[in-house]
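K.L.:
Starting off with a structure, shown below.
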Amino acid sequence: MTNNDFEKFLTIKKGLQPITIFGYLGAVRRFKAIVGSDNPTIQQAEDYIFSFYKSSYSYTYKMGTALAVETWMSFIGLPVKFGRQKKPRTIIKNILTEAEVTKLIFSCRNIRETAIISLLAYSGIRCKEICNLKIKDLDLGKNIVRVVEGKGFKDRLVYMSSECTRIILKYLSEYPRSEEDYLFTTLKENNKYGGQDLRKLLKNLGQRINTEKRIHPYLLRHTLATNMLNRGANLLTIKNQLGHAWIESTMVYIHSIGYGVKTDYDRFAPSYL
C-alpha cells in the first residue's frame with residue numbers, strides 16, 4: 001500500500017477535500033516513521049495514540065491525528081477505533097478593540113490594502129473565502145457579499161457596512177475588474193490572492209501599529225463577533241454572519257467575554273430594594 005494509493009482512497013472512497021487529505025497524509029507519514037513500519041499492528045497504533053493523547057498538542061491536532069491513523073489502519077485492513085477526548089472549552093483571547101481596528105485600517109498605505117482589511121473587519125469572512133471572492137459575488141447596492149462554497153461547501157450571504165462598500169467602490173475605480181475577475185489579486189503577477197499573501201499583509205500591518213498582539217485573518221473574524229456581541233447583537237445574527245453550522249460555535253464568544261452577559265443582567269435584573 002503506497003501513499004499514492006492512500007491518497008486515492010481518501011479522495012475517491014472517503015470524498016475528503018484536498019486540505020484534509022494533506023493533513024491525513026502528513027499525520028500518517030509521521031505515525032509510520034515513529035513505529036518504523038508501513039503496516040503497523042493495532043497494538044502499535046494504540047500505543048502511538050496513547051502517547052499522543054498524553055502530549056501537550058492542541059485538541060484539534062490530537063483528534064486530527066487520531067482520525068488519520070484510524071483511516072490508515074482501516075485502509076490496510078486492520079480497523080481500530082480510538083476514543084475521543086473531551087473538547088476543552090475554547091476561550092478567545094487577544095481580541096482587538098474597535099479603536100485598534102481603526103488604527104489597523106489607517107495604517108494601510110493604499111486603497112487596495114484598505115479594501116482588503118476593511119472587508120475582513122466588517123464582514124468577518126474567512127481567509128479562504130475572501131481570497132475566492134469575485135466581483136460578481138458583491139452586491140454593492142445592498143452592502144451584501146455572497147460567499148460561494150465557504151466552509152463545508154455552503155453558500156451564504158454576509159453583510160458589510162456602507163463605509164466598507166464605499167472603500168471597495170473606490171478600490172474598484174483604481175483597479176477596474178470584470179464580473180468574473182477575482183476581487184483581489186497579487187500586484188506583480190495579477191494572480192489570485194492567496195492565504196499566505198493575506199497573512200503577510202496582516203503581519204506587516206501589525207508591525208506598523210506596533211502592537212504585541214499577533215495580527216492574523218481569524219483575529220479580525222473573532223473581533224467582529226466580539227464587538228457585535230458587545231454592542232447588543234443576538235447570537236443568531238452573529239451565527240449567520242460568521243457562517244457557523246451550529247449555535248454552539250457562536251456561544252464561545254459569550255464564554256470568552258462574560259462581562260457582556262453581566263451587562264445584560266444589570267440591565268434586566270429586577271429591583272427588590
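K.L.:
Quick check: is even one residue across segment 87-94 modelled with pLDDT under 95, under 30 Å from Gln44 (Cα atoms) and either part of a strand (DSSP E or B) or open to solvent by 20 Å² or more (accessible area, probe 1.4 Å) (or both)?
P.N.:
The answer is yes, given that some residue of segment 87-94 is modelled with pLDDT under 95, under 30 Å from Gln44 (Cα atoms) and either part of a strand (DSSP E or B) or open to solvent by 20 Å² or more (accessible area, probe 1.4 Å) (or both).
K.L.:
On the basis of being in a helix (DSSP H, G or I), loosely packed, with under 13 Cβ neighbours inside 10 Å and of a type outside the set (Val, Ile, Thr), does Ser173 make the cut?
P.N.:
Against the criterion (in a helix (DSSP H, G or I), loosely packed, with under 13 Cβ neighbours inside 10 Å and of a type outside the set (Val, Ile, Thr)), Ser173 qualifies.
K.L.:
May I pose another question? With the requirement that a residue be open to solvent by 60 Å² or more (accessible area, probe 1.4 Å) and either farther than 21 Å from Asn3 by Cα or in contact with a helix residue (DSSP H, G or I) (Cβ under 9 Å, 6 or more places away or on another chain) (or both), what does segment 20-35 give you?
P.N.:
Arg29, Arg30, Ile34
K.L.:
Could I ask something else about it? Would you pick out the residues in segment 152-169 that are open to solvent by 10 Å² or more (accessible area, probe 1.4 Å) and within 20 Å of Leu236 (Cβ to Cβ)?
P.N.:
Gly152, Lys154, Asp155, Arg156, Leu157, Tyr159, Met160, Ser161
K.L.:
What pairs come up if the first residue lies in segment 100-117 and is under 12 Å from Asn204 (Cβ atoms), the second is of a type in the set (Gly, Ala, Ser), and their beta carbons are under 8 Å apart, counting only those six or more places apart or on different chains?
P.N.:
From residues that are under 12 Å from Asn204 (Cβ atoms), the pairs are Leu104/Ala121; Leu104/Gly206.
K.L.:
Across segment 36-71, which residue is least open to solvent (accessible area, probe 1.4 Å) among those that are among the acidic types (Asp, Glu) and assigned to a helix (DSSP H, G or I)?
P.N.:
Residue satisfying both the conditions and the ranking: Glu70.
K.L.:
What do you reckon, is Glu179 in a loop (DSSP other than H, G, I, E, B), under 27 Å from Ile19 (Cβ atoms) and either acidic (Asp, Glu) or touching a Pro at 6+ places or on another chain (Cβ under 9 Å) (or both)?
P.N.:
no
K.L.:
A further question follows. Could you grab me the full set of residues in segment 199-222 that are under 13 Å from the mean Cα position of the chain (by Cα) and open to solvent by less than 20 Å² (accessible area, probe 1.4 Å)?
P.N.:
Passing the criteria: Pro217, Leu219, Leu220, Arg221.
K.L.:
Answer yes if at least one residue in segment 107-124 is closer than 30 Å to Arg156 by Cα, outside any helix (DSSP H, G or I) and either in contact with a helix residue (DSSP H, G or I) (Cβ under 8 Å, 6 or more places away or on another chain) or of a type outside the set (S, T, N, Q) (or both), and no otherwise.
P.N.:
yes
K.L.:
Against the condition under 22 Å from Asn240 (Cα atoms) and open to solvent by 20 Å² or more (accessible area, probe 1.4 Å), how does Glu189 come out, does it pass?
P.N.:
Values: under 22 Å from Asn240 (Cα atoms): no; open to solvent by 20 Å² or more (accessible area, probe 1.4 Å): yes.
Taking the combined requirement at face value, the residue does not satisfy it.
K.L.:
While we're here: Provide a single number: the residues in segment 137-151 that are loosely packed, with under 14 Cβ neighbours inside 10 Å and more than 18 Å from Gly195 (Cα to Cα). Full working, then the answer.
P.N.:
Keep residues of segment 137-151 that are loosely packed, with under 14 Cβ neighbours inside 10 Å, which gives 139, 141-142, 149.
The next check asks that each one be more than 18 Å from Gly195 (Cα to Cα); those that pass are 139, 141-142.
Residues in segment 137-151 being loosely packed, with under 14 Cβ neighbours inside 10 Å and more than 18 Å from Gly195 (Cα to Cα): 3 in total.
K.L.:
So Thr11 clears everything in (1) out of contact with any Leu (no Cβ under 6 Å at 6 or more places or on another chain); (2) open to solvent by less than 80 Å² (accessible area, probe 1.4 Å); (3) farther than 22 Å from Lys151 by Cα except one condition, right? Which one?
P.N.:
For Thr11, the failing item is (3).
The values are calculated or read from the model by the stated rules, or taken from the named source; none is laboratory data. Please read these numbers as outputs of a predicted model, since none were measured by experiment. In this analysis, Cβ positions are derived from the backbone assuming ideal geometry, glycine residues included, and neighbour counts consider all displayed protein chains. Keep in mind that these areas ignore ligands, DNA and RNA; they rest on the heavy atoms of the full protein, side chains included. Shrake-Rupley method; radii C 1.70, N 1.55, O 1.52, S 1.80 Å.
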